[in-house]
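Participant: Got a structure for you, questions after.
The values are calculated or read from the model by the stated rules, or taken from the named source; none is laboratory data. None of these values were measured; they are calculated from a predicted model. A quick note on method: Cβ atoms are made from the backbone with ideal geometry, for glycine too, and the neighbour counts reach across all protein chains shown.
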Amino acid sequence: MSFLNTIYWVVWKDLISEWRTRETISSMLFFALIVILVFSFSFAMDQDAARQLIAGIIWVAFTFTGIIGIGKSFTSELQNDCIEFLQMSPVPKGAIYLGKVTANFLFMFAVEILLFPLFVIFFNLEVVDSVGMLLLVFFLATLGLAAVGTLFSALTVQIRAREVMLPVLLLPLAVPVIIAAVEATRGILNGDPYNFYSQWLHLLLIFDIIFTVVSFWLFEFILDS
Amino acid sequence: MSAIQVTGLSKAYGFYRIFEEVTFAIHPGTCFALFGPNGAGKTTLLRILATLQTPSGGQCTIYGQDGVAEKEAVRSILLFIAHGTHLYEELSATENLQFALALRGQSLEPAQLKRALDQTGIGAYGNLKIRQFSAGMKKRLALAKAILAQPKLLLLDEPYNALDDGGVAITNQLIQDTMKRGGTVVMTTHDRNKAAKIATEGAILQNGHIQLLSPEQLQTHVLS
């Protein structure tokens, strides 16, 4: 009970703080809008080329937008040394980690849900029949990015050059998730049959489990170091 | 049994030794004041007791638990009021208390929260966000957290900073209540006069070594 309570309270605290400042969501949205506009104008003359590349463009936007959100996850704990409070709390540190992952996932997923219609409009995508499957890919890939990103956010929060170090450390590890997400999204948008891209969904699921379990176990050492 | 037993404790950052071979014991139901000049290592010593830092050598046992190997057990009995106050700026005073106590496994009624806020003189500001609080009000809220948490070990880093006379009285009341419950208080302070009114034991940390003060010496040190 105490474990679930801790997850609940960490999510509650992060959501309330974000609702009052809208700092993370607004910077994520602003960045993503710029990415969409730049790519949209770049491919304005060649819609065929755009359709070939759209899965990659979507995940470039989602990944870098996510990194902005994840980066802020622990910097907010530096104010008034709140990170020390988390460190000293006599609760399982894994519960704090899962609370942070949940909050990060919700921010990232919310931004993706808001942005995807813009991709549909700007790149003339036909997604009526595949929305459910696309949402599943977004869900699995975002969970993987949030799981590993939250760990690296905690790892880099005390470093002076954390804004640089977070993507440098996170991206190489997140590459399998990003590749799997791009391939699955491409398959769905091309209208391929499920068994053509199902292995990428399985890969996403496996990475989600590995990243969450390993990060859950490592988080206590990172928070205490 | 001592509440805190520190034996041969040392702390160094690289080749720079802050203190070494520090040994002392603190008994339950007492208030231990740690004096010393800036940079002597008072806060570092307090942070080691709070399990936030690891000593370079030696041992510290808190209520029978090893401060390094049994951190989680130690954390469940202590509360540390540090310079940083550990408060979330975007949450209100009441929400901060709710969150802090929830993460200590305590669930409290709104009336209890209100009573603690009233006791610390900030009852009227329960719904105000912390970023609108002054330094003194933040300190009072941290005291409210301690009133509700009722820890066995209360660690206070410069508790009188930023507080007016009313805040000092609330701090001293909290210390007295903790001692009455059989709890232990350890504080670092430069304010010898205020500490003299409440501390029952004391020591001076200087040049890397600790000098324990007898009750008479404690008073003499304060007066000097």
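Participant: Please go through the range B:101-123 and pick out each residue that is more than 7 Å from chain A (Cβ to nearest Cβ) and assigned to a helix (DSSP H, G or I).
Facilitator: Passing the criteria: B:Leu101, B:Pro110, B:Ala111, B:Gln112, B:Leu113, B:Lys114, B:Arg115, B:Ala116, B:Leu117, B:Asp118, B:Gln119, B:Gly123.
Participant: Can you give me the number of residues within the range B:130-145 that are away from chain A (no Cβ under 13 Å) and closer than 15 Å to B:Gln173 by Cβ?
Facilitator: Matching residues across the range B:130-145 total 3.
Participant: Moving on to the next point. Quickly run through the range B:72-115 and pick out the residues that are of a type in the set (Asp, Glu) and touching a residue at least 24 places away in the same chain (Cβ under 8 Å).
Facilitator: Scanning the range B:72-115 gives B:Glu89, B:Glu90.
Participant: Further question: Is it true that some residue in the range B:43-50 is surrounded by fewer than 16 Cβ atoms within 10 Å (Cβ to Cβ), in contact (Cβ under 8 Å) with a residue 24 or more places away in the chain and farther than 18 Å from B:Leu218 by Cβ?
Facilitator: There is no residue in the range B:43-50 that is surrounded by fewer than 16 Cβ atoms within 10 Å (Cβ to Cβ), in contact (Cβ under 8 Å) with a residue 24 or more places away in the chain and farther than 18 Å from B:Leu218 by Cβ.
Participant: Run down A:Val111, A:Val91, A:Val157 and say which single residue is under 24 Å from A:Trp200 (Cβ atoms) and surrounded by 18 or more Cβ atoms within 10 Å (Cβ to Cβ).
Facilitator: A:Val111
Participant: Has the range A:4-25 got at least one residue that is farther than 19 Å from A:Val137 by Cβ, away from chain B (no Cβ under 14 Å) and in contact (Cβ under 8 Å) with a residue 12 or more places away in the chain?
Facilitator: Filtering the range A:4-25 down to residues farther than 19 Å from A:Val137 by Cβ leaves A:4-25.
After this cut, where a residue has to be away from chain B (no Cβ under 14 Å) as well, the list is none.
No, because not a single residue in the range A:4-25 is farther than 19 Å from A:Val137 by Cβ, away from chain B (no Cβ under 14 Å) and in contact (Cβ under 8 Å) with a residue 12 or more places away in the chain.
Participant: List the residue pairs whose Cβ atoms are under 6 Å apart, where the first residue sits in the range A:143-155 and is assigned to a helix (DSSP H, G or I), the second is charged (D, E, K, R), and the two are 6 or more positions apart or on different chains.
Facilitator: Correct list of pairs: A:Leu143/A:Asp208; A:Gly144/A:Asp208; A:Thr150/A:Lys100.
Participant: Quick test of your reading of the structure: A:Met45 fulfils all but one of (1) more than 14 Å from chain B (Cβ to nearest Cβ); (2) in a helix (DSSP H, G or I); (3) at pLDDT below 95. Name the failing condition by number.
Facilitator: Against the list (1) more than 14 Å from chain B (Cβ to nearest Cβ); (2) in a helix (DSSP H, G or I); (3) at pLDDT below 95, A:Met45 comes up short only on (2).
Participant: Across the range B:120-148, what is the total count of residues that are surrounded by fewer than 17 Cβ atoms within 10 Å (Cβ to Cβ) and either without any contact (Cβ under 8 Å) to a residue 40 or more places away in the chain or not assigned by TED's automatic domain parsing to the domain that holds B:Glu95 (or both)?
Facilitator: 8
Participant: A follow-up question, please. Among the residues that make up the range B:69-79, is at least one of them facing chain A (nearest Cβ under 8 Å), modelled with pLDDT under 95 and within 20 Å of B:Glu158 (Cα to Cα)?
Facilitator: no
Participant: Would you point out the residue of the range A:78-101, among those that are charged (D, E, K, R) and within 18 Å of A:Ala147 (Cβ to Cβ), that is nearest to the other protein chains (Cβ to nearest Cβ)?
Facilitator: Among those that are charged (D, E, K, R) and within 18 Å of A:Ala147 (Cβ to Cβ), it is A:Lys93.
Participant: Can you find even one residue in the range B:161-184 that is touching a residue at least 60 places away in the same chain (Cβ under 8 Å), under 23 Å from B:Gly8 (Cβ atoms) and in the same structural domain as B:Lys42 (by TED's automatic domain parsing)?
Facilitator: The answer is yes; a qualifying residue exists.
Participant: Follow-up. Which ones in the range A:108-128 are touching a residue at least 60 places away in the same chain (Cβ under 8 Å) and not small (Gly, Ala, Ser)?
Facilitator: A:Met108, A:Val111, A:Leu114, A:Leu115, A:Leu118, A:Phe119, A:Phe122, A:Phe123, A:Asn124, A:Leu125, A:Val127
Participant: Now for a separate question. Does A:Leu204 meet the test of being in a helix (DSSP H, G or I), of a type in the set (A, V, I, L, M, F, W, C), more than 14 Å from every other protein chain (Cβ to nearest Cβ) and in contact with a helix residue (DSSP H, G or I) (Cβ under 6 Å, 6 or more places away or on another chain)?
Facilitator: Numbers: in a helix (DSSP H, G or I): yes; of a type in the set (A, V, I, L, M, F, W, C): yes; more than 14 Å from every other protein chain (Cβ to nearest Cβ): yes; in contact with a helix residue (DSSP H, G or I) (Cβ under 6 Å, 6 or more places away or on another chain): yes.
Taking the combined requirement at face value, the residue satisfies it.
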